[in-house]
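These notes are about the structure you will find just below.
The values are calculated or read from the model by the stated rules, or taken from the named source; none is laboratory data. Computed from a predicted model, the values in this text were never measured in an experiment. For neighbour counting, all protein chains shown are included, and Cβ atoms are generated from backbone atoms with ideal geometry for every residue, glycine included.
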Amino acid sequence: MRTRLGCLIFLLLLGPAVHAEEWPALPEQNGAVEIPAQEWPLRPGPRRVRVLVHYPGEKLANVGERTGLMLTLHNWGGTDCVGTASPTVLAEKLNVVALCVNYLQSGPKDSIEGPEPYDFGYLQSLDALRALWWLDHGLKSREIKFAGGRVFATGGSGGGNVALMCNKLAPLTFACIIDLCGMKKLSDDIAFNLPGGSDLNARYSRDPNSPNYLSLDRQELCFVGNPDHLAILELKASQTRIVTVHGVDDTTCPYPDAVEMVHWMRRAGLDVEPRFITKDQLDGKVFTSTGHALGNRTEIVLQLGAKYLSPSDPDRREHIRRLMDFERRDVSPYPTTIRYRTSNGAFEIDYSAGYPVGRVVPNEPLPEYPNHQDLSFVLDSIGAKHAIKFPGDWFDRCDHIVRHFQRVAGPLPSLLRRVPLDVKVLEEVKVGTLTRRKLSFQSDPTDRVTAYLFLPSAGKSVAKRPAVLCLQQTTNVGKDEPAGIRGDPNLKYALDLAERGYVTLAPDYPSFGEHAYDFDPKHGYVSGTMKAIWDNIRAVDLLETLPEVDAERIGCIGHSLGGHNAIFTAVFERRLKAIVSSCGFSSMQKDDVPSWTGPRYMPLIASEFKNDPKLLPFDFHELVAALAPRPFFASAATKDNDFDVTGVKDVLDAARPIYALYGKADDLVGHYPEAGHSFPDDSRRRAYEFLDRALRQ
């Protein structure tokens, strides 16, 4: 009920209502106009936004072929051009038409004192983009030539947030964004004005019955560094250069949020240039503070943006003419809508009118699949079958698989649940030429995970190494077993792989080893399985931070409990590029279903699905297929009394056509040793060679 209500409130807050549009003409000289804006549901009715226009030489007649367009956006609580780079200076020195926009909640009355929660960049960025469209459209309608490749945005504090959100909602439009200490995400700290944190107060409520209720969807929308959304920017081939300028001592817009955003932007392959201001960079003129003020924001933009914003070189990449999002409706095959998924639906930006209109849509009803072993089709929202013939056809079925699995394991925590890893090294010893560290890291706000990290000797090589996440079986010794300290010597794969040159990380499963955990739902996890998945995702985060690790070459291996958790984790974590599962699964139709229902695993199998495999909304055929096209190796012992080998073969046979869609049928490998529930020497050798092929070549 909470999720449905939260989604409803989200719709009410953001649902569009566009009234009769009356657009003013471009002024002939510097001046102010008012343009129509999308309705704010918290104050229903028509809304207009003031835009201040600054031309080079103060006149429209001075706009020429090399003149660019630029937004310069005020801070939280400000109006017009307060707290940002001077539009007059920008217009003259950069040869741009500079716009200041009084976006939604401009001024202290609405942004600081008002009862409504602070918008945090959504409707605000739509306001700014509408102003930019108005300028672009006005120039084109009068056949005034300008430099369409020179479209920029900057802003300070709240304006930096709006500039970043403009790029998110119009990923093809901007050549360069210069963010001056803007907010990077709507954290709980800022949303609820938590003690000891930022002094910003966005006035949201945790009460789902409050009009100020903050839904998870809203937070995901306003997270500029949301990895899932950045992947869309990467897919859209966004070429924007993002310069983010942030003081290392800024607590108003917290510096760690800036570091996090840069990490995820780099991970998505975006062109981001961090300028984190430290005391040794203070010059008393341009930079005067390592805190929120920074210094002279006009000079900062001119200095740090000189090589990107200068009009002197028309052949520079930033100046080359490109498609703008406003032109989507005129150019085939570009879709007119940009869509970002959230936990309970998606938000869409529609450019079919030229200017952007935002709307939120709930998830479509999740279709029920009567046969989870047949992967040849996908069902649409009304239950009609559509054959899967191409990788694009598989996308929706894969989405259904992930959502159905969460009906049993519980929802994957939002990416906003990430906290700083705060890695603590508890012990460091030499094991031959290897370094073994026992460490702990912060997985979520209330829990730390213990793990062993193996680092091979660097020797003379400076190259980054592949890494493998090594997941334990069901054993009280936990991580000690894959580390080769205690337990079955045939399961020391963290040690073995480190000796082959991999960086390896072996975490404790919740309640095993040194990871005390009580599986109380108050911690935010429906199942022990989902808690383990989240811990493993955070372990991948940790591996990515290591200077020794090549983040593009991370795999996962596990036996038994670790075998199916390798699959579960990789379904959600695309950074795992190769997966090995030993004696970890079978078809649920051929398995002991009640064995999956303890608190460490998935108790909803018993309480909601009556231990009946026919009622379960997923099977391993689907989960393994969802890994495609990433290489997958299954070692399934023929005499395994826990996981029936014929069920494993059924799973791989069903998943192989999906791998074939990607031309990767040979990357789905099954090996069937004559053994019981174990990971024999020959199987491990084959698995290690498989990882070598997948992660080393």
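Odds and ends about this structure:
- Residue match in the stretch 96-118 (condition: in a strand (DSSP E or B) and either at positive phi or not aliphatic (A, V, I, L, M) (or both)): yes
- Residue in the stretch 195-202 that is buried (at least 22 other Cβ atoms within 10 Å of the Cβ), touching a Phe, Trp or Tyr at 6+ places or on another chain (Cβ under 9 Å) and closer than 21 Å to Val360 by Cβ present: yes
Conditions tested, residue by residue: (1) at pLDDT 95 or above; (2) touching a helix residue (DSSP H, G or I) at 6+ places or on another chain (Cβ under 9 Å).
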site: Val224; (1), (2): yes, yes
site: Leu230; (1), (2): no, yes
site: Leu233; (1), (2): no, yes
site: Gln239; (1), (2): no, yes
site: Thr244; (1), (2): yes, yes
site: Asp249; (1), (2): yes, yes
site: Cys253; (1), (2): yes, yes
site: Pro256; (1), (2): no, no
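Residue-wise test of (1) over 26 Å from Ser635 (Cβ atoms); (2) in the same structural domain as Thr450 (by TED's automatic domain parsing); (3) out of contact with any strand residue (DSSP E or B) (no Cβ under 9 Å at 6 or more places or on another chain).
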| position | (1), (2), (3) |
| --- | --- |
| Ile485 | no, yes, no |
| Asp488 | no, yes, no |
| Leu491 | no, yes, no |
| Ala498 | no, yes, no |
| Pro510 | no, yes, no |
| Ala516 | yes, yes, yes |
| Asp535 | no, yes, no |
| Asp541 | yes, yes, no |
| Glu548 | yes, yes, no |
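- For the stretch 71-88, a residue qualifies if it is out of contact with any His (no Cβ under 9 Å at 6 or more places or on another chain) and aliphatic (A, V, I, L, M), and the qualifying residues are Leu71, Leu73, Ala85.
- Top-ranked residue in the stretch 391-437 [being of a type in the set (Gly, Ala, Ser) and more than 27 Å from Gly484 (Cβ to Cβ); ranked as surrounded by the fewest Cβ atoms within 10 Å (Cβ to Cβ)]: Gly392
- Any chance Val101 is of a type in the set (Val, Ile, Thr), touching a helix residue (DSSP H, G or I) at 6+ places or on another chain (Cβ under 7 Å), farther than 28 Å from Leu235 by Cα and at pLDDT 95 or above: yes
- Residue under evaluation Val162, criteria (1) surrounded by 24 or more Cβ atoms within 10 Å (Cβ to Cβ); (2) among the β-branched types (Val, Ile, Thr); (3) modelled with pLDDT under 95, criterion not met: (3)
- Qualifying residues in the stretch 206-226 (those that are in contact (Cβ under 8 Å) with a residue 40 or more places away in the chain and hydroxyl-bearing (Ser, Thr, Tyr)) - the one nearest to Met261 (Cα to Cα): Ser215
- Residue count, the stretch 147-162 (criterion: of a type in the set (A, V, I, L, M) and under 20 Å from Leu221 (Cβ atoms)): 2
- The C-beta contact set for the stretch 481-507 (first residue among the hydroxyl-bearing types (Ser, Thr, Tyr), second residue buried (at least 24 other Cβ atoms within 10 Å of the Cβ) and part of a loop (DSSP other than H, G, I, E, B), distance under 9 angstrom, 6+ apart or interchain) comprises Tyr493/Pro482; Tyr493/Phe679; Thr504/Pro482; Thr504/Ala483.
- The criterion of being among the aromatic types (Phe, Trp, Tyr), assigned to a helix (DSSP H, G or I) and either in contact (Cβ under 8 Å) with a residue 60 or more places away in the chain or not assigned by TED's automatic domain parsing to the domain that holds Ser205 (or both) does not hold for Trp76.
- Of everything listed in (1) in a strand (DSSP E or B); (2) charged (D, E, K, R); (3) touching a residue at least 12 places away in the same chain (Cβ under 8 Å), the single unmet condition for Glu428 is (3).
- Residues that are within 28 Å of Glu348 (Cα to Cα), outside any strand (DSSP E or B) and acidic (Asp, Glu) do occur in the stretch 39-62.
- Of all the residues in the stretch 326-385, those that are of a type in the set (Val, Ile, Thr) and part of a loop (DSSP other than H, G, I, E, B) number 3.
- For the stretch 588-600, the set of residues classified as surrounded by fewer than 20 Cβ atoms within 10 Å (Cβ to Cβ) and part of a loop (DSSP other than H, G, I, E, B) consists of Asp591, Asp592, Thr597, Gly598, Pro599, listed by residue number.
- Of Ser157, Ser125, Ser106, all but one fail to be within 21 Å of Asp350 (Cα to Cα), small (Gly, Ala, Ser) and either in contact with a strand residue (DSSP E or B) (Cβ under 9 Å, 6 or more places away or on another chain) or crowded, with 24+ Cβ neighbours inside 10 Å (or both); the exception is Ser125.
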